[in-house]
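Asks: Before I ask anything, let me first share the structure, which is written out below as structure tokens.
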Amino acid sequence: MKKPMIKGILFVPATVSSKSSAMNQKFYHCRNLLPIFFLAFFSLHSTQPISAQPILSLNAVIDTGLSAPIQLVNAGDGSNRVFIVQKGGTIRVYDSAFRFLSLFATVSGVQDNGERGLLSMAFHPNYSSNGFFYVYYVNADGNLELARYHVGANPNIADAVSKVIVLTIPHPNNSNHNGGELHFGSDGFLYLSTGDGGGAGDQPNNAQNTSVLLGKLLRLNVNTSATAPYYSVPAGNPYNNEIFDLGLRNPFRWSFDRLTNDMWIGDVGQDSYEEINYRAAGATGGVNFGWRCYEANNAYNTTGCAPMANFTFPVYAYPTQNPSAAITGGIVYRGTGSPALYGYYVAADFYSSTFYIINPDGAGGWTTNLQTLPQTGIVDFGETENGEAYVVSLTTGAVYRLNAVSGGPLPVNLVSFGGNLTNNKVQLKWATSFEQNLQRFDIEYSLDGSTFKFAGMVQAKHSASGAAYSFSHDFAGRGIVFYRLKMIDEDGTYRYSQTVRINMNSKNMQPVYPSEINDGIVHLYLDETDFSLAELISSGGIVVLKKNITGQRGLTEISAGNLKPGIYVMRLSNSAGAITQKIVIR
């Protein structure tokens, strides 16, 4: 396994974005909106230009007839059929040309409100001979359930009465953080990812508790019994139970590399970071990915935790900076239709539709590049039998083929982009770590996140080591304003940055008065703006205090007497955005 990264520093590789970002959509992964203010992030991996980077595109193959699609899988039986799992409990089957064949199955007992629903299915490696497939869902009691079905006489229709419950995992108190995805490994065992049980901060410490199946990667041998319990614990599971790995928060999507059997896990973070974890095929069971002790590379709650050396840290982590807020784990492409993408791992952020393209850097590490596509709500990356990659969007209710072409040398590595309100003007700041054949930045703004207008232009500095930029936009409107950078090359081609949101309704608002705290009490004055959450953030970026302020008006006092003196940021947020104010605790 890759050695742990040094704690206390978030390593974010250099990024490149392409095409426009869509509006922020809301779904699966519980998040708090983060403020839009400028931060500079540094790279662990090489920021030198890399030639022939793949440029992604999505082409719809199913855009009608679906209802809350959540996953695309194949049966591995030589039929080349495609199965679309839908959140409400139904599974549809299509032929290799994506022509609808039949409603394959309706899973009984599924509860699908919020983050719940039918989340995943997997076909037994010997499906062509035994007809077994497995489904994972939240049942009527709110618990996590794994069930087995058998195909019927018609190969396109499952036998509804063949259902047996393989495993039920208690999931008390909360409806969120259910995981999860099913895959059979090359060892023939069934793997299942589960969430930590929901809520915030994993207060029961489920993810680190080896006697609880929440916040884990489970491994089951489903080949040992035709009668209940329909599985056994494989030899080699490190805790003599179903647990194989631990320390996960909400691993909603993960995958095996079909060539190497390496494992890639997208794990949704708490408030600050999203992470992508890598697990080499040869690693033994018991890998601890860190949650709740660590969120990505930063300490979260290390009370009672093992030493740092016991944890495995992500190969890539990015800050939760609106609109990017929830990772959807992806796949390593092993198809033949897009040679430029072969061997790259591709994942996406659910909210921003930023795609993360990762490949080895040749020195034992990884290089990550970013590209933003118009489609939001990416909930799954699936593969057909021949290894072609497809993407499922919950927002559009469609399935897309993932294509890629060689993009040539990268013209720019954009490492940060953000903005805030200062003196009634929007102040935008961004930075690059490399520029090659870059002509200029066009700054564009939008009132709806879709239709953008020109706001101004900044010439590139043509710096091989990168440069810092700023732009001031005098905008007198109210509401939410979206900004993006159009990065234009010398040859006229261009790429778009990620989109950032500015809440113009927060103009002139300084909610904390006085801003210097001498008595341990933060005096928070709330006007007519309906904020739902107040957070105090240390200069190191750690959320040290939270308070639910939904519906509150006027003066609210928050005790900060146990905090160390220093500079902090007060952040107020709601579904529309966030405002921030710097304060000093004496």
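Asks: Would you mind stating whether Ala97 is in contact with a strand residue (DSSP E or B) (Cβ under 8 Å, 6 or more places away or on another chain) and either part of a loop (DSSP other than H, G, I, E, B) or in the same structural domain as Lys163 (by TED's automatic domain parsing) (or both)?
Replies: No.
Asks: Just one of Ala68, Ala52, Ala40 is at pLDDT 95 or above, surrounded by fewer than 21 Cβ atoms within 10 Å (Cβ to Cβ) and of a type in the set (A, V, I, L, M); which is it? So that I can check it myself, show each step before the final result.
Replies: On the way: Ala52 fails: at pLDDT 95 or above; Ala40 fails: at pLDDT 95 or above.
Exactly one of Ala68, Ala52, Ala40 is at pLDDT 95 or above, surrounded by fewer than 21 Cβ atoms within 10 Å (Cβ to Cβ) and of a type in the set (A, V, I, L, M), namely Ala68.
Asks: Could you tell me which numbered condition Asn206 fails, if it satisfies all but one of (1) surrounded by 17 or more Cβ atoms within 10 Å (Cβ to Cβ); (2) part of a loop (DSSP other than H, G, I, E, B); (3) in contact (Cβ under 8 Å) with a residue 24 or more places away in the chain; (4) not charged (D, E, K, R)?
Replies: Among (1) surrounded by 17 or more Cβ atoms within 10 Å (Cβ to Cβ); (2) part of a loop (DSSP other than H, G, I, E, B); (3) in contact (Cβ under 8 Å) with a residue 24 or more places away in the chain; (4) not charged (D, E, K, R), the lone unmet condition for Asn206 is (3).
Asks: Determine whether region 157-168 contains at least one residue that is among the β-branched types (Val, Ile, Thr) and out of contact with any strand residue (DSSP E or B) (no Cβ under 7 Å at 6 or more places or on another chain). Walk me through how you get there before you give the answer.
Replies: Just the residues of region 157-168 that are among the β-branched types (Val, Ile, Thr), to begin with: 157, 161, 164-166, 168.
Pick out the ones that are also out of contact with any strand residue (DSSP E or B) (no Cβ under 7 Å at 6 or more places or on another chain) and you get 161.
Among the residues of region 157-168, at least one is among the β-branched types (Val, Ile, Thr) and out of contact with any strand residue (DSSP E or B) (no Cβ under 7 Å at 6 or more places or on another chain), which makes the answer yes.
Asks: For region 114-142, what are the residues that are part of a loop (DSSP other than H, G, I, E, B) and either at pLDDT 95 or above or on the phi < 0 side of the Ramachandran plot (or both)?
Replies: Across region 114-142, the qualifying residues are Glu115, Arg116, Gly117, His124, Pro125, Asn126, Gly131, Ala140, Asp141, Gly142.
Asks: Checking the condition within 17 Å of Glu295 (Cα to Cα) and either of a type outside the set (D, E, K, R) or outside the structural domain of Lys546 (by TED's automatic domain parsing) (or both), which residue from Gly247, Gly236, Gly188 passes?
Replies: That would be Gly247, the only listed residue that is within 17 Å of Glu295 (Cα to Cα) and either of a type outside the set (D, E, K, R) or outside the structural domain of Lys546 (by TED's automatic domain parsing) (or both).
Asks: OK, next. Which residues, taken from region 143-200, are of a type in the set (Val, Ile, Thr) and outside any loop (DSSP other than H, G, I, E, B)?
Replies: Answer for region 143-200, where residues must be of a type in the set (Val, Ile, Thr) and outside any loop (DSSP other than H, G, I, E, B): Val151, Val161, Val164, Ile165, Val166, Thr168, Ile169.
Asks: Next question, about the same structure. Quick one: would you say Gly117 is within 30 Å of Asn298 (Cβ to Cβ) and surrounded by fewer than 24 Cβ atoms within 10 Å (Cβ to Cβ)?
Replies: Details: within 30 Å of Asn298 (Cβ to Cβ): no; surrounded by fewer than 24 Cβ atoms within 10 Å (Cβ to Cβ): yes.
For Gly117, the condition - within 30 Å of Asn298 (Cβ to Cβ) and surrounded by fewer than 24 Cβ atoms within 10 Å (Cβ to Cβ) - is not met.
Asks: For Arg495, all conditions in the list (1) charged (D, E, K, R); (2) farther than 28 Å from Pro54 by Cα; (3) surrounded by 15 or more Cβ atoms within 10 Å (Cβ to Cβ); (4) modelled with pLDDT under 85 hold save one; what is the number of the exception?
Replies: (2)
Asks: Just one of (1) in contact with a Pro (Cβ under 6 Å, 6 or more places away or on another chain); (2) farther than 19 Å from Phe256 by Cβ; (3) of a type outside the set (Val, Ile, Thr) trips up Gly285, so point out which.
Replies: Checking Gly285 against (1) in contact with a Pro (Cβ under 6 Å, 6 or more places away or on another chain); (2) farther than 19 Å from Phe256 by Cβ; (3) of a type outside the set (Val, Ile, Thr), the one that fails is (2).
Asks: Filtering region 427-466 down to residues that are outside any strand (DSSP E or B) and at pLDDT 90 or above, which residue is nearest to Gln498 (Cα to Cα)? Write out each step before concluding.
Replies: First, the residues of region 427-466 that are outside any strand (DSSP E or B): 436-437, 447-452, 460-466.
Add one more test, that the residue is at pLDDT 90 or above, and what stays is 460-461.
Working: Ala460: 18, Lys461: 20 Å.
This residue is Ala460.
The values are calculated or read from the model by the stated rules, or taken from the named source; none is laboratory data. This structure is a prediction, so every number in the text was calculated from the model and none was measured. Cβ sites come from the backbone with ideal geometry, for glycine too, and all protein chains shown count toward neighbours.
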